[in-house]
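Here the structure is laid out as structure tokens; the discussion comes afterwards.
The values are calculated or read from the model by the stated rules, or taken from the named source; none is laboratory data. The model shown is predicted, which means the values in this text are computed figures rather than measured ones. So basically every Cβ, Gly included, is an ideal-geometry build from the backbone, and we count neighbours across all protein chains shown. The area values use the complete protein model at the heavy-atom level, side chains included, leaving out ligands, DNA and RNA. Shrake-Rupley method; radii C 1.70, N 1.55, O 1.52, S 1.80 Å.
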Amino acid sequence: MRFFEYEAREIVKRSGIPVTDFGFTTDAAEARTIAERIGGSTVIKSQVLTGGRMKAGGVKFADTPEEAQAHAADILELEINGQMPRGVLVDPKADVKQEYYAGVVWDGTAKKPVILFSDMGGIDIEDVAREHPAHVGRVHLSNILPLSDYQAKECIAQTGVTGKALQRLTPIVRKLAQLFVDNDMVLAEINPLAEMHDGSFIALDAHMDMESEARGRHKQLLKDLGVGDDETRMAREPTEFELAGEAVDNASHRGVAGNVTEFDGNIGLVIGAGGGSLTLFDAVRAHGGKPANYCEIGGNPSVEKACGLAKLVLQKPGVDKIAVMMSIVSNTRVDIVARGVIKACLELDMDPAEKIAIFRIPGAWEEEGFKILEKYGIEYADRSVSMHEAARRAVAKIAGPEAVTT
Amino acid sequence: MRRDAIFIGIEVDQGALDEHSELPAHLTQVCPVDIYRETEGALEIVAENIDECVLCGLCLDTEHLGVAVGAVKVIKLYDDCAVLGAE
Ligand code: SF4
């Protein structure tokens, strides 16, 4: 879940990293009061969860409090990428000597957090990494061992920063890494991290993205920041299809049949079990398939719940068939899922044998499940067929053999 | 009385119900997925829940009530109408 900039800055401030004397408001007149308190020139920034604020006119500079009020009034009415601002952030205009970048992100391949640092801040780190790779330092962190200043220092030094700047930047970057770990972030970024003319450093902008599943562990922080339980804070608003998936999952307490994400492909997926969803989704893509959706099914959902999910996917425009695939299941019963997906077809007046391209769920109660599948003439696979192979068959059957790329 | 859904059928012997007034309450209590409902002493088989049957066999265990074995049947319609516990 993403945080607005004013919230991200508050998180940075709480971790002991210096920030500017900024203020947040939803009211233009109050923006003026904040600008008066700050004194001097200010920057008025739209608070939206999307990029491109500068280009869209969502960031403006003001020399006087009156100007700050006028800019705030304009920005509060300005929609950016379909989003109305939550409010505006009023920030002192900083006299910067040099801009740096400091970030910690989750490295999914290494399965560890990685500190990124660059002496070229203020621009996208991806651009710097591509065009000036020598200006990006990287150091992985342990998932279990305590953090140390040494790791931060090593990362900063990779970019050639030495002396006083290195000494002053080290605790800031270490605190950022600690913040990342303590708050279950998937991204914690300060950009720019500004060096002022007096040699001090200050965070001028911050982006924070918390692992959604960790929300329950950070209730106090979210309460302090005023983040409501109903705010998903995802990269985009959920689609109608995704909301319908949530409704299916919420309809009964038994198991999971949800976490639906909409894509624009034609391969309907009913997938799950212990990481199976991600593996199968990737496998479908690796074989050249274009998924119509992502979802997670597991924890022994009711027949009705499995049926609801399958119905939703089957009715998605562009979906002709579904692939029902899971890793080897332990507690989710094969026969119950089989009943659910077949029931979905029957209730939609569809032939299960035609609409279920492949059913690959081995595990608990599979003999019973296979009897059901046989009765309805559905192609199924047991554990002798890997998830990878099942995904290939799904792509071949739904998108056509010519669509299979590997 | 018998009711069938898509995958599962449930049959409860009417004679056993007439003879054992405690049978509806017992079935209502043991079924984990609410297939049986007792209303004013009478038994109702809840149509929308029948296919949720997890084949646990708890409703078949009625001997301690003095109800004959086989008075309650769970039928697998997808398996040539095999009766649970009698396969
Ligand atoms: S076998 Fe279990 S789930 Fe099925 S009807 Fe009997 S008690 Fe209910």
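Worth pointing out:
- MRE, 222 nm, helices only [DSSP H, n ≥ 4, -39500 (n - 2.57), over chain A, to nearest 500]: -11500 deg cm²/dmol
- Buried on assembly, segment B:72-87 (at least 50 Å² less accessible surface than by itself, 1.4 Å probe): B:Tyr78
- Amide N proximity, segment A:276-305 versus B:Ile6 label position 7 Å along Cα-to-Cβ, cut-off under 12 Å: A:303-305
- In segment A:240-403, the alpha-carbon atoms span a convex hull of 90 Å³ per residue.
- The mean of 1/r over all pairs of different alpha-carbon atoms in segment A:21-92, once inverted, gives a Kirkwood hydrodynamic radius of 11.5 Å.
- GNM top mover of B:Thr62, B:Thr28, B:Thr39 - chain B, alpha-carbon springs below 10 Å: B:Thr39
- Here r is the Cβ-Cβ distance between A:Ile144 and A:Asp184 and R0 is 22 Å; the resulting FRET efficiency, rounded to 0.05, is 0.90.
- Neighbourhood charge, 12 Å Cβ-Cβ cut-off, centred on A:Ile202 and excluding it, Lys, Arg +1 and Asp, Glu -1: -3
- Contact with the other protein chains removes 40 Å² or more of accessible area, compared with the isolated chain and a 1.4 Å probe, from these residues of segment B:41-64: B:Asp51, B:Glu52, B:Val54, B:Leu55.
- For the protein assembly as shown: accessible area per residue (Å², 1.4 Å): 46
- In this simple spin-label approximation, A:Gln315 and A:Ala56 carry label points 7 Å from Cα along the Cα→Cβ vector, and these lie 3.2 nm apart.
- Of all accessible heavy-atom area on segment A:96-225, the percent that carbon and sulfur account for (1.4 Å): 52
- For segment A:184-231, the Kirkwood radius over C-alpha pairs fed into Stokes-Einstein at 25 °C and 0.890 mPa s yields D = 194 µm² per second.
- Counted over the protein assembly as shown, the DSSP beta bridges are approximately 80% antiparallel.
- Association of chains B and A removes close to 1300 square angstrom of accessible area from solvent, both sides included, for a probe radius of 1.4 Å.
- A cut-off of 5 Å between modelled amide H atoms, ignoring neighbours fewer than 5 places along the same chain, links A:Lys97 with A:Glu195, A:Met196, A:His197.
- The phi torsions of segment A:337-349, fed into the Karplus equation with coefficients 6.51, -1.76 and 1.60 and a -60° offset, translate into couplings of 5, 4, 4, x, 6, 5, 4, 4, 4, 4, 5, 9, 6 Hz, rounded to whole numbers, with Gly and Pro shown as x.
- The residues of segment B:1-22 listed by number as losing at least 30 Å² of accessible area in the complex, against the isolated chain and with a 1.4 Å probe, are B:Ile6, B:Phe7.
- On the principal axes of its alpha-carbon atoms, chain B has extents of 32, 25, 20 Å, going from largest to smallest.
- For chain A, the normalised intensity computed at q = 0.10, 0.12, 0.13 Å⁻¹ comes to -0.80, -0.99, -1.07 (log10 of I(q)/I(0), Debye sum over alpha carbons, equal scatterers, no solvent).
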